[in-house]
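The values are calculated or read from the model by the stated rules, or taken from the named source; none is laboratory data. It should be emphasised that the depicted structure is a prediction, and the values quoted were computed from it without experimental measurement. A quick note on method: Cβ atoms are made from the backbone with ideal geometry, for glycine too, and the neighbour counts reach across all protein chains shown. When the accessible area is computed, the model is the full protein with side chains, heavy atoms only, and any ligands, DNA or RNA have been set aside. Shrake-Rupley method; radii C 1.70, N 1.55, O 1.52, S 1.80 Å.
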Amino acid sequence: DAQAALGGIYDRGLGVPQDDAQAIAWYEKAAAQGHAAARFNLAVKYRHGEGVPPDPVRAVMWLVLAQQESYSARYMLYHLEGELSEAMLREGREQAERWRADIPEALDYVPGRRARARPAAQRQQAR
């Protein structure tokens with residue numbers, strides 16, 4: 001939660017100069033630990049090109065990763081499904097699956113509890 005909070009501080013410039021690059025760096029660290037709000041915030045950054053070039057496929061990836069725990073992510077993904085091509089949506093979903101395979105602790109995130117890595121065999125069974 002602290003990493004996501006730091007992302008928010010830099011994102012909004014609360015007591016520090018507003019800095020999209022720093023916000024994104026902190027959000028990415030939190031996202032790697034399964035933080036749904038950080039993932040949603042990254043989706044917004046990529047959707048609107050805030051600190052990064054606009055990338056709707058990357059936005060879809062972050063929304064897919066956040067949607068289980070974030071109504072806002074589900075809502076934004078629903079709207080993107082009406083705007084983007086099937087190929088872009090498919091690529092975003094595939095990127096999310098590849099990301100999950102590379103960051104196993106993200107699969108075990110429970111709000112309020114520290115993420116824990118699972119053995120590879122258990123990760124494969126979860127799919």
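Numbers for the structure displayed
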quantity	calculated
Residue in segment 81-96 that is touching a Gly at 6+ places or on another chain (Cβ under 7 Å) and modelled with pLDDT under 95 present	no
Segment 78-105, residues that are acidic (D, E) and touching a Leu at 6+ places or on another chain (Cβ under 9 Å)	E81
Single condition A73 does not satisfy, out of (1) surrounded by fewer than 17 Cβ atoms within 10 Å (Cβ to Cβ); (2) in contact with a helix residue (DSSP H, G or I) (Cβ under 9 Å, 6 or more places away or on another chain)	(1)
Verdict on R47 being surrounded by 16 or more Cβ atoms within 10 Å (Cβ to Cβ) and modelled with pLDDT under 95	no
Any hit, segment 17-24, residues being more than 10 Å from the chain's Cα centre (by Cα), closer than 23 Å to R90 by Cα and part of a loop (DSSP other than H, G, I, E, B)	no
Any hit, segment 20-29, residues being small (G, A, S) and surrounded by 19 or more Cβ atoms within 10 Å (Cβ to Cβ)	yes
Residue count for segment 29-79, restricted to those that are within 23 Å of Q18 (Cα to Cα) and outside any helix (DSSP H, G or I)	8
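Yes/no per residue for (1) open to solvent by less than 50 Å² (accessible area, probe 1.4 Å); (2) within 17 Å of G92 (Cα to Cα); (3) of a type outside the set (V, I, T):
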| position | (1), (2), (3) |
| --- | --- |
| A4 | yes, no, yes |
| G7 | yes, no, yes |
| P53 | no, yes, yes |
| A66 | yes, yes, yes |
